[in-house]
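Taking it in order: structure first as structure tokens, then the write-up.
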Amino acid sequence: MRKKLYLFMFLILLFGVTFTGYMSYSFTKNIILDNVKDSLKSDARLIKDYFIDLSENKNYDSTAKELKSSIGKRVTIIRQDGKVIGESDVSSEKLENHLNRPEVKAALYNEEGMSIRYSSTEKIYMYYYALKYTANNQSYIIRLAMPLYNIDYVQKHIIKLIIFTVIFGLLFCSLLGFIYINRFTRPIIQMTKIATGIALGQYEKRINLSSKDEIGELGHAFNLMADRLQETINDLSDKKNKLESILTSMEDGVIVVDNNEKILLMNPAAKKFFSISEEVEGKHFIEVIRNTEIENIINYDVDTENEVVINNPNPMYFRVKTVKVINYEKNKENIGLCLVIQNITKIRALEKMRSDFVANVSHELRTPLTSIKGFAETLKFVEDKNTRDKFLDIIYVESERLTRLINDILTLSELENKDYSANFEKININESLEEIYSIMEPAARNKGIKLIYEKYDKSLYIYGDRDKFKQMFINLIDNAIKYTPKDGKVEIIISLDNHMSRIDIKDNGIGISKEHISRLFERFYRVDKARSRSVGGTGLGLAIVKHILTIFNGSIDVKSESGKGTTFSVYLPCIDVKEV
């Protein structure tokens, strides 16, 4: 901009100075020529009066020479027919007819005439002035001539002066213009740099101008605009950060599409639902999520809730709610659609589990209750003591089974709803398992099974609820004893595996086929239902173990082979005694 302004100013200045110089030169030249004309005209009128009174027989050549010596100008006397009869510089006899000279022609018709032309006699440019007069009843023309080299000399000096003035004026004015333009453009350059900095995110930059003119007002307005811009950007950034934090922390997926179904926003939860790792903003919805059900929801089921099932590869259940995105600042213009996607797979699984649990509980309770009710009604008509005692024994066994079942259900409910972390304490694994061994050893001995306990050579400690720890391993050892035939053995082995305590409950009993292992910890699941009931199993023991392990942040692994036995390996995180 500075170069353009300087060039523009220089061109205007050059044009102005040159035009002024040219006009000055032309004006001066015209003044000089007018002065020359006035001088020649004045002299010619004096000479005219002189020639009117001159005798007709007078020698005009000598008279012309005398006049030239007096006025310093060439004098020529021309007759009406163009013949030269008197000449101050050469003999009139040598001169040709002057009737065609422009100044002579003009004088014959207009009483006077003038011209500037090259003189073939003098060999220079001359200024000619001709004046017509009448004497002795005949017209004559007095022509005075003056060489132009004096005028040229003056003009050359004037031209030199004008050129000098133009050059000096250009240089001086250019310097002043350069200083002024720099002073004028410096704030603009500063504003440009600061505007560039603001565009690059340096919102704290401001212009420091002390002038009170329009540039100062512009700088003040610019700083005010920068302040408002910084406030607006900070506000937008704050809102954007809050929105990103909210969307990032949400467990529900959020997708916003415009009216052309191009994605404007997708939060991390939505990307996780549909296994998307790339940036999707600006892409068409169907390019990213190829699901016709959701596509139909976008097109037809606005402001509704729908349930969608996606195989990815396992079935996943989503509740999709769509809401129009309205721009309230532009006459409530509809600018797109917001999809809120809730993953309800766990809810559906829990509902199914609850339904199965209710069905299983009803089935499990119905069997002993039916037996108790049937034998109790039969007792009314039985008088034989032996038969009555037999029926009473069956009722007792079924009531015991019903009691165990209800106790296990209550235990499961308690594990799911109670926070056991409040009762956590340091547990010595060797000591706790030794107590459990003492409890379970008589039951194993009565069945003819050898219960073996191998202590670890060092003390291992875990953090947890002592009662639930015992309940968990009593259930595992009790299962091993139940499903191990006479003369079998059950081993309790403690070891350390990668900073985790490992407790193996190993038996050489009937074993479990591979197709049943994955479902062992489901509620009421039994590998052999008839055998489980005969040994008094409720089908909830391993489900209780699984829940307790979840509380302990532990895990369990099962290895089994039909006819060769089963090993349950429990992994619990060890703690350093010094840290407790």
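The values are calculated or read from the model by the stated rules, or taken from the named source; none is laboratory data. Keep in mind that this is a model prediction, so the values were computed, not measured. Note: ideal-geometry Cβ built from the backbone for every residue, glycine included; neighbour counts use all protein chains shown.
For segment 178-206, enumerate the residues that are assigned to a loop (DSSP other than H, G, I, E, B) and among the basic types (Lys, Arg).
LYS205, ARG206
Go through segment 291-343 and report how many residues are of a type in the set (Lys, Arg) and at pLDDT 80 or above.
Adding up the residues that qualify gives 3.
Take the residues in segment 492-506 that are in contact with a Phe, Trp or Tyr (Cβ under 7 Å, 6 or more places away or on another chain) and without any contact (Cβ under 8 Å) to a residue 60 or more places away in the chain; name whichever of them is farthest from LEU476 (Cα to Cα).
SER495
Where the second residue is in a loop (DSSP other than H, G, I, E, B) and of a type in the set (D, E, K, R) and the first is farther than 18 Å from ALA135 by Cα and lies in segment 63-92, which pairs have Cβ atoms under 6 Å and are six or more apart or on separate chains?
ARG74/ASP89
Take the residues in segment 472-486 that are of a type in the set (Val, Ile, Thr) and assigned to a helix (DSSP H, G or I); name whichever of them is surrounded by the fewest Cβ atoms within 10 Å (Cβ to Cβ). Reasoning before the result, please.
Within segment 472-486, the first condition is being of a type in the set (Val, Ile, Thr), and the residues that meet it are 474, 477, 481, 484.
Now drop any that are not assigned to a helix (DSSP H, G or I), which leaves 474, 477, 481.
Details: ILE474: 16, ILE477: 25, ILE481: 21.
Ranking the candidates gives ILE474 first.
Any idea which residue in segment 97-151 is modelled with the lowest pLDDT, counting only those that are among the charged types (D, E, K, R) and exposed (fewer than 15 other Cβ atoms within 10 Å of the Cβ)?
Only one residue fits best here, namely GLU122.
Just checking, does segment 34-51 include any residue being hydroxyl-bearing (Ser, Thr, Tyr), under 19 Å from ILE116 (Cβ atoms) and either part of a helix (DSSP H, G or I) or at pLDDT 80 or above (or both)?
Let us first name the residues in segment 34-51 that are hydroxyl-bearing (Ser, Thr, Tyr), namely 39, 42, 50.
Remaining after also requiring under 19 Å from ILE116 (Cβ atoms): 39, 42.
With either part of a helix (DSSP H, G or I) or at pLDDT 80 or above (or both) added as a condition, the list becomes 39, 42.
Taking every residue of segment 34-51 in turn, at least one turns out to be hydroxyl-bearing (Ser, Thr, Tyr), under 19 Å from ILE116 (Cβ atoms) and either part of a helix (DSSP H, G or I) or at pLDDT 80 or above (or both).
Against the condition farther than 17 Å from ILE474 by Cα, at pLDDT 75 or above and part of a helix (DSSP H, G or I), how does LEU433 come out, does it pass?
no
Inspect segment 491-506 for any residue being surrounded by 18 or more Cβ atoms within 10 Å (Cβ to Cβ), among the β-branched types (Val, Ile, Thr) and in contact with a Gly (Cβ under 8 Å, 6 or more places away or on another chain) and give the result as yes or no.
Scanning segment 491-506, I find no residue that is surrounded by 18 or more Cβ atoms within 10 Å (Cβ to Cβ), among the β-branched types (Val, Ile, Thr) and in contact with a Gly (Cβ under 8 Å, 6 or more places away or on another chain), so the answer is no.
Name the single residue, out of those in segment 263-315 being basic (Lys, Arg) and over 20 Å from GLU251 (Cα atoms), that is surrounded by the fewest Cβ atoms within 10 Å (Cβ to Cβ).
Here the residue is ARG290.
Would segment 227-244 turn up any residue that is outside the structural domain of ARG290 (by TED's automatic domain parsing), among the acidic types (Asp, Glu), part of a helix (DSSP H, G or I) and over 25 Å from the mean Cα position of the chain (by Cα)?
No, that holds for no residue.
Can you name the helices (runs of 4 or more DSSP H) wholly within segment 494-580 that have at least 3 residues being under 30 Å from TYR461 (Cα atoms) and at pLDDT below 80?
Values: elements: 514-517, 529-534, 541-551.
It comes to 541-551.
Just checking, how many residues over segment 372-387 are assigned to a helix (DSSP H, G or I), more than 16 Å from SER399 (Cβ to Cβ) and not basic (Lys, Arg)?
Of the residues in segment 372-387, 2 are assigned to a helix (DSSP H, G or I), more than 16 Å from SER399 (Cβ to Cβ) and not basic (Lys, Arg).
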